[in-house]
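Student: Here it is, the structure in full.
The values are calculated or read from the model by the stated rules, or taken from the named source; none is laboratory data. Quick caveat: nothing in here was measured; it's all calculated off a predicted structure. Every residue, glycine among them, receives a Cβ derived from its backbone with ideal geometry; neighbour counts consider all protein chains shown.
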């Protein structure tokens, strides 16, 4: 069959789907759930205007669909007679003066099959959008300079990522559904609290039991910001959590580092895991026992699911694509991903730096939800703490954008007294100030800062 013949066959098939969808909506019984399901499949994605008429090719079909949705919004019947009465007389010519509505009302074999036809229609729209995006990018690629190839790739990926598959859009859920689900979740949390190992059924946790107790279970879709002034061990805290998840708990834990190289991270992880002084590694003065511990540690953790990406200049589209690739490769969603650090990232197309940081903050939150994971994002603080007597950070010190505080589910501010006063009675300690904990308590957890081994250790009695 030639290409034009195939296109014509697809158009006929799509038109049949359109007719069947409209017929199902008009045939459905008053208390049927089919209209709501069909509407959920065909509603436009976030940010698009209209009520989903872009799925329909004929003006009369678009008109009938808009009318049905308007009647649903008003809580009124949307059968054949109601739809015909709701359409202005001057617009009925699009439907053969109303006679075509009768054909539509009989086009679906049974109302229950309306969702099947709606899914066909949504998939046809998705394929058409993919084809349009591919054609546009092919044209752009043909006229783009060689040095701008990466930019064309990023635009193409962003355009494809913006396309929403059918059934992936948000939907209003009634309390009759939410209530039982909430009870199930409460039972799960109660059972989790009663276990000897409460981490067993949770994907994300930290290596510090006292911090885990304060934070409570951290659900996928959450964003955690770990912030501090330079030298406050932000990267060390991030590595500790990633090591805990990827090596000890065998959960997928990707680390995206814009600050440290893969080798620098590897040396820090080795100091932590094999219990070797960082100075001995750096200066090449390791003992024979150190070498033995290092070799054993590498062998023991060969199957770890901790992965490191130090690609320069990575943006949100790159992180999104990489998370998807890793999920397919390992057959599981990441327990959490780590980004070090926010102010080193970049997103084009924003008027100023504050807008850019805001876009990155919101982007990581959306990525956590999209990829069913926890985003752990490191951030710098401004110089606010330097002007205070006790040097302790506050939420208002988050650098460059108030959206960081707004978007984050949890904000942890790091503080070390001995950074400012080496003779402090709290030398060797680091405070994790949980300044925001959406749905849970705030507070301070103090850890031992064993920075000579690139690790932070719980001081709680377990």
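Student: Return a yes/no flag: does region 399-408 have any residue that is assigned to a loop (DSSP other than H, G, I, E, B), modelled with pLDDT of 85 or more and under 17 Å from residue 228 (Cα atoms).
Tutor: Within region 399-408, one or more residues are assigned to a loop (DSSP other than H, G, I, E, B), modelled with pLDDT of 85 or more and under 17 Å from residue 228 (Cα atoms).
Student: Check whether at least one residue in region 283-293 is surrounded by 14 or more Cβ atoms within 10 Å (Cβ to Cβ), touching a helix residue (DSSP H, G or I) at 6+ places or on another chain (Cβ under 9 Å) and part of a helix (DSSP H, G or I), and report yes or no.
Tutor: yes
Student: Would you pick out the residues in region 299-325 that are touching a residue at least 24 places away in the same chain (Cβ under 8 Å), outside any loop (DSSP other than H, G, I, E, B) and over 14 Å from the mean Cα position of the chain (by Cα)?
Tutor: Scanning region 299-325 gives 306, 307, 308, 309.
Student: Does residue 444 satisfy being in contact with a helix residue (DSSP H, G or I) (Cβ under 8 Å, 6 or more places away or on another chain), part of a strand (DSSP E or B), closer than 28 Å to residue 254 by Cα and modelled with pLDDT of 85 or more?
Tutor: No, not satisfied.
Student: Here's another thing I want to ask about it. Among the residues that make up region 46-53, is at least one of them surrounded by fewer than 19 Cβ atoms within 10 Å (Cβ to Cβ), in contact with a helix residue (DSSP H, G or I) (Cβ under 7 Å, 6 or more places away or on another chain), in the same structural domain as residue 106 (by TED's automatic domain parsing) and at pLDDT 85 or above?
Tutor: yes
Student: Right, here's the next one. Using the structure shown, decide if residue 431 is at pLDDT below 85 and not in a helix (DSSP H, G or I).
Tutor: Here the answer is no, as residue 431 does not meet what is asked.
Student: Same structure, new question: Does residue 129 qualify as being in a helix (DSSP H, G or I) and within 30 Å of residue 158 (Cα to Cα)?
Tutor: yes
Student: Assuming residue 185 fulfils every condition listed in (1) within 22 Å of the chain's Cα centre (by Cα); (2) loosely packed, with under 15 Cβ neighbours inside 10 Å; (3) at pLDDT 75 or above apart from one, which condition is it?
Tutor: If we test residue 185 against (1) within 22 Å of the chain's Cα centre (by Cα); (2) loosely packed, with under 15 Cβ neighbours inside 10 Å; (3) at pLDDT 75 or above, just (3) comes out false.
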